[in-house]
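The values are calculated or read from the model by the stated rules, or taken from the named source; none is laboratory data. Because the structure is a prediction, the values reported are computed rather than measured. Glycine also receives a Cβ, built like all others from the backbone with ideal geometry; neighbour counts cover every protein chain displayed. Note: areas computed on protein heavy atoms with side chains; ligands, DNA, RNA excluded. Shrake-Rupley method; radii C 1.70, N 1.55, O 1.52, S 1.80 Å.
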Amino acid sequence: MAKPCRDDFAMLNGNKKEKQIIHQTRGRHVIRLFAGCGKQCSPTIYFFLMDKRNLFITLILATLTMLTSCLSDDNQEVVYYDDAAITSFSIGTLTRTVYSKTTAGKDTVIESSSDYSAYAFTIDHDNGYIYNLDSLPTNVHIDKCLPTVYAKNSGYVYVKNIDNDSLKAVAADSVDFTVPRVLRCYANDGSWYRDYTVEVRVHKEAQDSLYWQAKATQEAFKGLEGLRGIAFRDKLIAYGMADGKGKAFVTSANDGNTWTELPLKTEGELSMVTNGVALFALSANGMLFSSEDGEKWQEVARQEGLTTLMAASRSELYALSADGRMMKSASFGVSWVEDELEAGKNNLPKRDITGLMLQAKTNADVDKVILIGNRGVEEDSTAVVWSKVVDNSSSAYSQKWMYQPFTQASWHKAPALEALCVVYYEGRMLLMGGKGIGTCKEEPYSKILSSTDNGLTWYADERYYMPEGFSSLYGTYALVADNDNHLWILSGATGQVWRGYLSQLTWK
């Protein structure tokens with residue numbers, strides 16, 4: 001006889017197939033119950049013989065018995081699915097090696113465990129590829145991962161062996177993800193499967209770390225006096241003076257090994273500035289050149305009263321005259337007028353000059369031009385800093401140059417250094433230079449200073465250091481920042497060239 005089903009209970013409460021026949025015989029009640037659900041279960045038959053007073057209790061017991069008999073059904077259908085797909089992948093706790101220093105300055109190694117399940121993994125079903133867009137930190141060990149993997153409709157997931165096609169359940173043991181691994185997802189009914197290649201990405205470079213790469217030594221740089229550098233578009237230009245004539249060389253910012261001499265053999269020292277649209281060069285005899293690509297040059301005008309290009313905005317050029325005045329040109333070198341200064345012209349820099357143009361974050365038409373350099377006065381121990389706000393939409397809003405003096409009460413001043421170079425990099429200004437001049441006692445190229453307030457205060461930044469092979473004993477160096485987040489150091493004595501970068505600025 002098949003087991004009764006759960007519908008029996010409902011039938012005791014009014015099903016038409018249920019019959020209850022009660023016969024009263026000599027003070028006793030005989031109850032005969034026929035209950036059947038009418039499906040695949042046989043009728044359940046109960047007989048009870050009792051006193052009248054127990055009739056109510058007996059009816060309750062009979063009902064409970066019939067309910068119990070129908071709770072199981074040997075004919076319940078189980079559904080299996082034929083689709084296979086991994087729906088979720090994550091990694092859990094991993095070990096990381098951290099290299100640090102003790103308070104005493106000694107190197108130390110720390111092993112720590114952290115939960116990395118918050119790192120999201122992308123599942124590309126079309127190409128069968130699982131990967132993390134945000135790489136794990138450096139030195140995280142992924143050779144013993146315990147991933148959590150979910151499949152659609154409770155499918156089964158296995159990991160393929162690195163060396164052969166054998167499989168094991170992904171939850172059975174740790175998985176080595178130092179190389180891409182294949183996960184095989186079987187459908188719930190085992191009818192077919194789908195393979196996914198899993199790549200767990202780990203940063204190869206530590207965040208906030210500077211890396212230098214040596215380029216080919218340039219014989220042409222050796223002996224260049226006053227070597228400077230400037231970045232323009234995708235080019236890097238190095239310039240200086242040799243045998244009394246200005247010389248310039250260009251390379252691709254993606255190269256640095258091959259440099260080509262430019263047709264700018266001028267009398268005396270060269271100076272260069274850029275406004276991002278064009279590159280300008282001025283010889284010491286007042287001949288002004290311009291270029292739109294950094295390679296082909298044309299003469300603009302001769303201004304014999306000008307000696308040094310100092311800076312540029314998107315609408316003006318600025319130069320130092322032979323008598324120490326600040327001159328400006330709204331025609332990009334064709335004509336010049338004297339610019340207004342908030343302080344005396346004696347405070348203008350005369351040597352080792354860098355001009356930076358920063359576009360305002362709050363107004364697309366406004367530039368802030370910063371000028372920093374040395375006066376060359378014996379009693380000076382600091383460089384001088386000037387700034388000007390330029391509204392390129394209207395000349396009526398042109399402002400005076402503002403002097404930002406360092407006082408005795410000022411902290412963290414910009415030192416007066418020989419061959420002073422300043423660049424804008426990582427949202428800050430970086431300063432490097434040779435030995436101190438005037439009353440400044442700084443050692444040559446002892447550190448790279450950083451300023452986040454447009455040159456008002458300067459701090460040593462331990463992230464920035466000189467490349468291997470750099471020596472402060474050999475001549476002067478130029479520091480350049482290109483437009484692809486790279487730093488360059490060029491040597492005018494040894495011809496050495498280095499290209500460096502701060503790791504997170506070049507991560508794609």
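Please give the Cα centre distance for region 185-222 versus region 245-320, rounded to the nearest Å. Centre-to-centre (Cα) distance: 40 Å. Find, among the trypsin sites (Lys or Arg not before Pro) in region 84-144, those assigned to loop by DSSP (not H, G, I, E, B) with at most 14 other beta-carbon atoms within 10 angstrom. Filter output for region 84-144: K106, K144. Across all directions, the average flat footprint of the convex hull enclosing the Cα atoms of region 372-508 is 10.5 nm². Shown for region 374-463: the carbon plus sulfur share of the solvent-accessible area, taken with all protein chains present and a 1.4 angstrom probe, equals 48%. Entry comment: accessible area of region 101-184 is 62 Å² per residue, from protein heavy atoms only and a probe of 1.4 Å. Of all accessible surface on region 200-287 at a 1.4 Å probe, what whole percent is carbon and sulfur? Here carbon and sulfur together make up 46 percent of the probe-accessible area. Within the accessible surface of region 309-348, defined with a 1.4 Å probe on protein heavy atoms only, the carbon and sulfur portion equals 48 percent. Once the 1.4 Å probe is applied to the protein heavy atoms, region 229-333 comes out at 39 Å² accessible per residue.
Close amide H pairs (under 5 Å, H built 1.01 Å from N) link A311 with Y318, residues at least 5 positions away or on another chain.
Expressed as a whole percent, how much of the Cα-Cα distance distribution for region 297-421 exceeds 18 Å? Percentage above 18 Å: 54. Remark: region 409-449 carries 42 Å² of accessible area per residue (probe radius 1.4 Å; ligands, DNA and RNA excluded).
Sparsely packed loop sites in region 234-330 (the trypsin sites (Lys or Arg not before Pro) outside DSSP H, G, I, E and B with at most 11 other Cβ atoms within 10 Å) comprise K296.
Selection among S271, G244, A206 by position relative to the dipole of region 178-298 gives A206 as farthest towards the positive end (Cβ unit charges, Cα centre). Volume per residue of the convex hull around the Cα atoms, evaluated for region 71-157, comes out as 158 Å³. Between amide H atoms placed 1.01 Å from N, distances below 5 Å from T382 occur with A416, all of them 5 or more places distant or on a separate chain.
Whole Å is fine, so just give me how far the alpha carbon centre of region 417-442 lies from that of region 123-179. Answer, in whole Å: 51. In a DSSP loop and with at most 14 other Cβ atoms within 10 Å, the GluC sites (Glu not before Pro) in region 220-319 are E292, E295, E304. Computed from phi, the 3J(HN,Hα) profile of region 185-196 under the Karplus parametrisation 6.51, -1.76, 1.60 (θ = phi - 60°) reads 9, 9, 5, 4, 8, x, 6, 7, 9, 9, 9, 10 Hz, with x in place of Gly and Pro.
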